[in-house]
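Engineer: Quick one: the structure is below, and I'll ask about it shortly.
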């Protein structure tokens, strides 16, 4: 598979079947979708079969707004060949995801990224050690945006 | 005087007991800071640094 195609998939540059989309303003120079990040309880079930944002199992607490926060997205998708037959397309949010002055007393261990522009469609689920927050800030710092560590990587080997 | 946001509002850090912790594994490096007042947890902040995202492998029937 051509690496450039994987990059095109991440930016929505190729469309191999019909799909219903929310308008991105222009057919030839569409705007970037908005990505949001919601936190989920350790007891929640999110996995590869998750297709859309749901408040079921989402954390609740002081100053946490259902649906989570908007992800800062200033990084372009990058597609890089590692050989003549392999490559990777990748993307990482360009800033930490921060929930400020929240109280989340029930343990949570998961952040769910979803596309709030396109009907809250699922992007990815990332787990970490179970945490609580009390009148404090929860900061989720992103990995380096490289071929081997980026948050979203679509690869061939 | 450093102020800490707590469940009782902003408090002088010197009045509180500070506890810190961390964990490090293949997925994350995490640190947390807690402030306690007379045995009560009044503040807990957490900083999770993810090390990597999962790779999604794409396959084509052949590379021609």
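Bear in mind that the values in this text are calculations on the coordinates, not laboratory data. Keep in mind that what you see is a predicted model, and the values were worked out from it rather than measured. In this analysis, Cβ positions are derived from the backbone assuming ideal geometry, glycine residues included, and neighbour counts consider all displayed protein chains.
Engineer: When you go through A:114, A:99, A:90 one by one, which is the residue that is more than 9 Å from chain B (Cβ to nearest Cβ), within 21 Å of residue A:149 (Cα to Cα) and in contact (Cβ under 8 Å) with a residue 40 or more places away in the chain?
Structural biologist: After ruling out the rest, the residue left standing is A:114.
Engineer: Which of the residues that make up the stretch B:6-40 are surrounded by 14 or more Cβ atoms within 10 Å (Cβ to Cβ), farther than 30 Å from residue A:150 by Cα and touching a residue at least 24 places away in the same chain (Cβ under 8 Å)?
Structural biologist: Matches in the stretch B:6-40: B:6, B:7, B:11, B:16, B:35, B:37.
Engineer: Right, another one. Name every residue in the stretch B:32-42 that is more than 7 Å from chain A (Cβ to nearest Cβ) and under 15 Å from residue B:8 (Cβ atoms), in order of residue number.
Structural biologist: Hits for the stretch B:32-42 are B:34, B:35, B:36, B:37, B:38, B:39, B:40.
Engineer: Please enumerate the residues belonging to the stretch A:120-147 that are part of a loop (DSSP other than H, G, I, E, B) and more than 7 Å from chain B (Cβ to nearest Cβ).
Structural biologist: Once the filter is applied, which keeps residues that are part of a loop (DSSP other than H, G, I, E, B) and more than 7 Å from chain B (Cβ to nearest Cβ), the stretch A:120-147 yields A:120, A:144, A:145, A:146, A:147.
Engineer: Inspect all residues belonging to the stretch B:43-62 and state whether any of them is crowded, with 16+ Cβ neighbours inside 10 Å and more than 7 Å from chain A (Cβ to nearest Cβ).
Structural biologist: No: zero hits.
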